[in-house]
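Chemist: Take this structure first; my questions come after.
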Amino acid sequence: MFTILFLSHVPNLWAMSYEEEHEIAKEYISWLEARNLIIHNEETLWTLQNLTDRLAEQIDTPLYHYKIYLVDDRSVNAFAIPDGHIFINLGTLLFVKDIDELAAVIGHEMGHCQLRHISEALSFQKKINIAEVVGILAGALLSSKNPEVGTALIYSSLGGSENFRLSYTRIQETEADKFSKEILTKSSINPSCITRFLVRLRTYSSTAETPEYLLTHPYLENRIASLQIEESAPKPEARYWSLTASVLGLLLTEEEVKARIKDLPEPYNRLSLGIAKIRSGFVQEGLTLLEGIDLPQAYAWKGLALYSLGEEEQAIPYLKRYHLSLDASLALADIMEKKGQTEEALKILAPFEQYHPRAAYKTGSLYQKINKTCQAHVAFARYFYYTKNYKSSTYHIDKALACEDKEIGKDVLNEMKDMKDSIKAQAK
C-alpha cells in the first residue's frame with residue numbers, strides 16, 4: 001500500500017490559517033470571474049471534477065474539498081491556489097493525449113494543495129496581506145506562458161532570495177510529482193503517464209516564454225529522472241474522445257475544429273464539427289453531422305439546433321435529457337417560461353446564475369416576472385458586476401442588502417458585501 005506523501009512529510013502546516021486561505025481564494029476567483037477568464041461549461045467541467053474527486057478519494061485525510069476550474073488561456077499550464085482550488089488552462093486540455101495525463105496534471109497540483117506549499121512560502125514573508133497575495137497570483141497567471149512554470153512561478157514570487165526561491169521551488173515541484181505518482185497508483189492509474197506528459201512537455205516548452213531565473217530546462221530533466229518511471233504510450237478511450245470533441249466543438253472556431261478533428265475517430269469527429277457548425281449558425285449542416293450519434297452532447301446540440309429553428313416542442317426531449325451547458329439551459333428555460341413554468345425555468349438556470357452574465361440577466365428577469373424583487377436585485381447585481389457596469393451593480397447590491405436575511409439568505413448577503421468591497425477596491 002502507498003502512503004500519501006503529506007503523512008510522511010508535513011512542512012509548516014500552520015503558516016497560514018484556513019480562514020486566510022479561504023479569503024485569498026475567494027478574492028482571486030472573483031478577480032478571474034470579473035475578467036471572464038473562467039470557462040463555465042458543465043460538459044467539460046463534469047469530467048474534470050469527476051477525475052479530481054476520484055483522486056481525492058485516495059487521500060486518507062484530505063485537507064480540502066478540491067474544486068477544479070477551466071481557464072480561458074491557450075498556454076499549456078496548470079496551477080493551484082490556497083483553499084484547494086486547482087486551475088487547468090484550456091491549452092492543457094488540447095495538449096494531453098489521454099485521461100491519465102490529465103489525471104497526472106491534476107494530481108500534481110493537488111499535491112501542492114495538500115502539502116500547503118503556498119502557506120509554507122508565505123511563512124518566509126514578514127508581512128503580506130490578502131490583496132498582495134491576490135496580486136501575486138494574478139500577475140503569475142498573466143505573465144506565465146511556459147508550461148514548466150505553473151504553480152512554481154507563484155511560489156517563486158512569494159518570498160526569499162533568488163537562489164533560495166529557485167531551490168525551494170524545485171523541492172516543492174519534486175514533492176508534488178511524488179504525490180501525483182502515489183495518488184495515481186492508488187487510483188489504479190499507471191503513473192507512467194507523468195513521464196510521458198513531461199517528456200512531451202519538454203519539447204513543447206522549448207519554444208515557450210521562460211523567466212530566466214527559473215532555469216526550467218535542466219529542472220524539467222531532473223523531474224523526469226527523479227520519477228524513475230518508464231514512459232508508455234497514451235491510451236485514449238471513449239471518455240477522452242468525448243471530452244476532446246466537446247472542448248473542440250464548444251470552445252474553438254470552426255476553422256480550428258476542422259484542422260484538429262483529423263486526429264479524432266468516428267463519431268467524435270462529427271460530434272465536434274457538428275457542434276461547431278451549430279455555434280457558427282450553420283444549423284442544418286450541424287444537425288446532419290449529428291445524425292445517428294448516440295452521445296449526450298449530440299442530444300443537447302440537436303435540441304439547441306431545433307430550438308434555433310423554432311421547433312421548440314421537438315427540442316424539449318433533447319434539452320431535458322441533457323442540458324448541462326449554459327446554451328442548452330438558457331434554451332430550455334426560455335421554452336419553460338413561454339409555457340408559464342417560470343419556477344421550473346429558474347431551477348434550470350440555478351447552476352449558472354451565480355457565475356455567468358447571460359444566466360444572471362435571464363434569472364433576474366424571471367424573478368421580476370414573479371415579483372421576487374430581492375432575488376431579482378441579486379441576479380442583476382451579479383450581471384452588472386460581471387459585465388463591469390459597476391454603477392448599476394452597486395445600485396442592485398444596495399437594494400439586495402436592504403432585504404431581510406430570510407429573503408435571500410446570509411451567504412448571498414455576504415456575497416453582495418464582498419462584491420461591493422471589490423468594486424470599491426477596483427475604483428481605488
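Chemist: Filter the GluC sites (Glu not before Pro) in the stretch 34-71 down to the DSSP loop ones having no more than 11 other Cβ atoms within 10 Å, then list what survives.
Modeler: E57
Chemist: Check cross-link reach from K186 to the lysines: straight Cα distance under 16 Å, and skip same-chain residues fewer than eight apart.
Modeler: Here the lysines satisfying the reach criterion relative to K186 are K178.
Chemist: Quick one: pull the percentage of alpha-carbon pairs in the stretch 231-326 with a separation above 17 Å.
Modeler: Of all Cα-Cα pairs in the stretch 231-326, 47 percent lie more than 17 Å apart.
Chemist: Going down the table (K97/K262; K369/K424; K391/K417; K320/K372; K338/K410), which pairs top 21 Å between alpha carbons?
Modeler: K369/K424; K320/K372; K338/K410
Chemist: Of K67/K235; K347/K388; K302/K362; K362/K420; K277/K388; K339/K362, which ones are farther than 20 Å apart at the Cα?
Modeler: From K67/K235; K347/K388; K302/K362; K362/K420; K277/K388; K339/K362, over 20 Å: K67/K235; K347/K388; K302/K362; K362/K420; K277/K388.
Chemist: Here is a follow-up. Order of W301, W31, W241, W46 from fewest to most other C-beta atoms within 10 Å?
Modeler: The fewest-first ordering by Cβ neighbours comes to W46, W31, W241, W301.
Chemist: Moving on. Taking 0.36 nm per intervening residue step and subtracting the Cα-Cα distance, what contour gain separates K410 from E19 on full extension?
Modeler: 139.0 nm
Chemist: Please report the Cα spread of the stretch 279-428 along all three principal axes, rounded to whole Å, starting with the longest.
Modeler: Principal-axis extents of the stretch 279-428 (Cα, largest first): 53, 34, 22 Å.
Chemist: Report the charge-dipole magnitude of the stretch 288-343 in Debye, nearest 20, computed about the Cα centre from +1 at each Lys and Arg Cβ and -1 at each Asp and Glu Cβ.
Modeler: Dipole about the Cα centre, nearest 20: 100 debye.
Chemist: For K181, give me every one of the aspartates and glutamates with a C-alpha distance below 17 angstrom, ignoring sequence neighbours fewer than eight places off in its own chain.
Modeler: K181 reaches D53, E57, D60, D98, D100, E101, E109, E173, E221, E230, E231.
Chemist: Roughly how many Å is it from the Cα centre of the stretch 313-327 to that of the stretch 48-92, as a whole number?
Modeler: If we compute the Cα centre of each part, the gap is 28 Å.
Throughout, read-outs are computed from the coordinates displayed, never taken from laboratory work. As the structure is a prediction and not an experimental result, all values here were calculated from the model. When we count neighbours, we look across all protein chains shown, and the Cβ atoms used for this are built from the backbone with ideal geometry, even at glycine.
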